[in-house]
Amino acid sequence: MKKKNSIVLLFLMILVSACNGGPGKITVGYVQINEDVVLNVAKEGVFEALADSGFIVGETIKLIDNNAQGDLSMIITILQSLQARGVDLIITNSTPCMVAAAQLISDIPVVFTVTFGPSQMGLKTVPDNIYGFYDPLDSKNFADMLLEILPRTKRIGIPYNNAEPNASYSAEKFSKEFESRGIEVVKSALSSVNDIVMVGQNLLAQKIDALIVTADNTVYSGLNALSKIAGEANVPLFVSDPLQAEKGAAVGMGVNYRQWGYLSGLKAVEILRGRTPAKRIEAIEGTDFVINEKACMDQMLFVPPAIKGKARLIAD
């Protein structure tokens with residue numbers, strides 16, 4: 001009897017391996033909204049966590065790597081393809097990818113990173129197969145920081161893509177935070193990266209004291225162009241994703257993306273080991289503060305030494 005059971009178990013193991021793309025390999029589907037150096041940092045964190053636990057791409061994991069190239073409709077197509085191929089796990093990077101997966105995928109575990117939480121995005125029900133860490137978006141801390149640097153701020157401008165749920169949510173949350181402090185907020189919507197210069201110039205023409213970009217994949221894709229015209233207008237550019245300061249924003253404050261990816265990757269490890277994470281969905285903690293000294297100079301922003309001493313400084 002034991003021998004018979006062993007043969008059946010061996011047959012099942014071979015069958016699962018064949019379905020998953022090779023002996024001993026687990027198939028993982030990955031989807032990211034666009035090609036972005038900052039999102040790639042989180043991606044590296046995810047797969048670093050997997051590798052540290054023995055789940056190595058090309059050895060124990062077969063990876064189906066997808067990028068929607070900024071096309072929101074492509075995310076749905078990618079997820080449907082991964083579902084049809086019967087992958088063992090799906091990892092999403094960015095809010096639009098998480099939202100689409102929560103709405104479409106119910107029979108495959110999904111781990112998300114670099115996103116707002118399902119409830120923040122207005123999802124009334126969240127499938128039991130969704131796991132990950134989300135950004136609670138500390139708009140209060142961000143506003144405190146900006147006003148400590150620019151205490152005379154009267155008006156700020158926020159460009160955002162209203163087709164991205166994350167961008168609309170963050171623009172609204174930041175608007176309420178600054179308006180509660182008596183600061184006028186001028187928002188301007190755009191639909192593609194090609195609109196960034198026009199929208200940026202429109203905001204700058206309205207005599208704003210600072211430009212703010214927060215959790216917007218489209219605007220971040222063209223941040224170099226936005227930082228250039230901000231410098232020409234001597235208006236500082238602040239971002240809520242600290243690594244975006246490397247693209248020319250003067251100041252960035254927000255979540256550490258590598259840590260974010262790594263923590264999400266650890267949830268993937270638990271699932272691949274057959275365990276259910278104690279907490280399916282968690283807010284990530286901690287804040288990074290980055291100052292781009294060259295951008296500050298280009299945008300005529302003086303940061304007091306006491307504040308600069310709290311930040312990680314980059315030269316460009």
(message) If I model a spin label as a point 7 Å beyond the Cα along the Cα-Cβ vector, how far apart are those points for Asp128 and Lys310 in nm?
(response) 4.4 nm
(message) Run the numbers for Arg280 and Phe302: contour at 0.36 nm per residue of separation, minus the present Cα-Cα distance, in nm.
(response) 3.6 nm
(message) Tell me which GluC sites (Glu not before Pro) from segment 27-115 have a DSSP coil assignment and no more than 12 other beta carbons within 10 Å of their own.
(response) Glu35, Glu59
(message) Taking 25 °C and 0.890 mPa s as the conditions, I'd like the Stokes-Einstein D for segment 207-316 in µm²/s, using the Kirkwood hydrodynamic radius from alpha carbon pairs.
(response) 160 µm²/s
(request) Using a 10 Å cut-off on Cβ atoms, rank the peptides 199-207, 247-255 from the highest mean neighbour count down. (result) 247-255, 199-207
(message) Using amide H atoms built in the peptide plane, which far-off residues or other-chain residues are under 5 Å from Ile91 H to H?
(response) Gly29, Tyr30, Val31, Val111
(request) Given the options Thr287, Thr218, Thr77, state which has the largest fluctuation in a GNM of the chain using a 10 Å cut-off (strictly under) for Cα springs. (result) Thr77
(request) Could you compute the FRET efficiency for Ser106 and Ser81, with r as their C-beta to C-beta distance and R0 at 22 Å, rounded to 0.05? (result) 0.85
(message) If I stretch the segment between Glu59 and Glu246 completely, what's the gain in nm (0.36 nm per residue apart, minus their alpha carbon distance), one decimal?
(response) 64.0 nm
(message) Could you tell me how far the Cα centroid of segment 144-192 sits from the Cα centroid of segment 37-93, in Å?
(response) 32 Å
(request) Taking H placed 1.01 Å from N in the peptide plane, check which residues at least 5 places from Ala233 or on another chain put their amide H under 5 Å from its amide H. (result) none
(message) With unit charges on the beta carbons (Lys and Arg positive, Asp and Glu negative) and the dipole taken about the Cα centre of the chain, which residue among Phe55, Ala315, Gly231 sits farthest to the positive side?
(response) Phe55
(message) Please compute the modelled spin-label separation between Asn234 and Ser192, points set 7 Å along Cα→Cβ, answer in nm with one decimal.
(response) 3.6 nm
(message) Full-extension gain between Glu270 and Gln69, please, as 0.36 nm times their residue separation minus the C-alpha to C-alpha distance.
(response) 69.4 nm
(message) Report, to one decimal in Å, the Kirkwood hydrodynamic radius for segment 18-91 based on all distinct Cα pairs.
(response) 12.9 Å
(message) Can you give me the long-range amide H partners of Gly117? Hydrogens built in the peptide plane at 1.01 Å from N, cutoff under 5 Å, separation of 5 or more residues or another chain.
(response) Asp135
(request) Could you run the Karplus curve 6.51 cos²θ - 1.76 cosθ + 1.60 with θ = phi - 60° over segment 101-114 and give me ³J(HN,Hα) per residue in whole Hz, x for Gly and Pro? (result) 5, 5, 8, 9, 9, 10, 10, 9, x, 10, 10, 10, 8, 6
(message) If you split all Cα-Cα distances of segment 116-246 into 5 Å bins from zero, what percentages do you get per bin, shortest first?
(response) 2, 10, 21, 23, 20, 12, 6, 3, 2, 0
(message) So if I place +1 on the C-beta of Lys and Arg and -1 on the C-beta of Asp and Glu, and nothing else carries charge, what would the dipole magnitude of the chain be about its Cα centre? I want it in debye, nearest 20.
(response) 840 debye
(request) For segment 187-198, take each phi angle, set θ = phi - 60°, evaluate the Karplus expression 6.51 cos²θ - 1.76 cosθ + 1.60, and give the result in whole Hz per residue in order, putting x for glycine and proline. (result) 9, 9, 8, 9, 10, 8, 4, 5, 8, 4, 5, 4
(message) Students often get this wrong, so check it: of Lys187/Lys207; Lys187/Lys308; Lys154/Lys176; Lys176/Lys228, which have C-alpha atoms separated by over 22 Å?
(response) Lys187/Lys308; Lys176/Lys228
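Each value in this text was obtained by applying a stated rule to the coordinates, not by laboratory testing. None of these values were measured; they are calculated from a predicted model. Because the Cβ atoms are built from the backbone with ideal geometry, glycine has one as well, and the counts that use them run over all protein chains shown.
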